[in-house]
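The values are calculated or read from the model by the stated rules, or taken from the named source; none is laboratory data. Keep in mind that this is a model prediction, so the values were computed, not measured. Neighbour counts run over all protein chains shown; Cβ positions are idealised from the backbone, glycine included.
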Amino acid sequence: MKYFMVGTAIGDCVYPLQHFMDCYGNGTVLFEMKRDIGGEMFCSEYRDFVDGVCGNICEYYDPCNGISGRCSRLQNGYVETGNKYIIKNGKLEASTGL
């Protein structure tokens, strides 16, 4: 599944394409995003990137397996792929020169 970020809100969350088709109109510029494997992780509880302080010292720590390990609130970070698209007439078109 591909993920995107709206061009005017760099730093906001990434969403699947359907979110933008439902919530944004024609002319919206989207940047394609990909998972940042090995990069920063995002905490969905604090709505911020984790700076190495994650685990049982956090009051919201909730391990995926119920015992220990990765917190269920920890999500992948994303980086731009360099591909830009624009929504035109309800379809996604590759964008050049933006």
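Annotations
- Residue in the range 11-25 that is of a type in the set (Asp, Glu) and either free of Cβ contacts under 8 Å to residues at least 60 places away in the same chain or over 24 Å from Ser95 (Cα atoms) (or both) present: yes
- Filtering the range 13-31 to residues that are in a helix (DSSP H, G or I) and either surrounded by fewer than 14 Cβ atoms within 10 Å (Cβ to Cβ) or on the phi > 0 side of the Ramachandran plot (or both) leaves Gln18, Asp22, Cys23.
- Residue that is modelled with the lowest pLDDT [pool: residues in the range 40-91 that are β-branched (Val, Ile, Thr) and closer than 16 Å to Tyr15 by Cα]: Val79
- Considering the range 47-75, the residues that are in contact (Cβ under 8 Å) with a residue 12 or more places away in the chain and under 15 Å from the mean Cα position of the chain (by Cα) include one that is nearest to Gly90 (Cα to Cα), namely Gln75.
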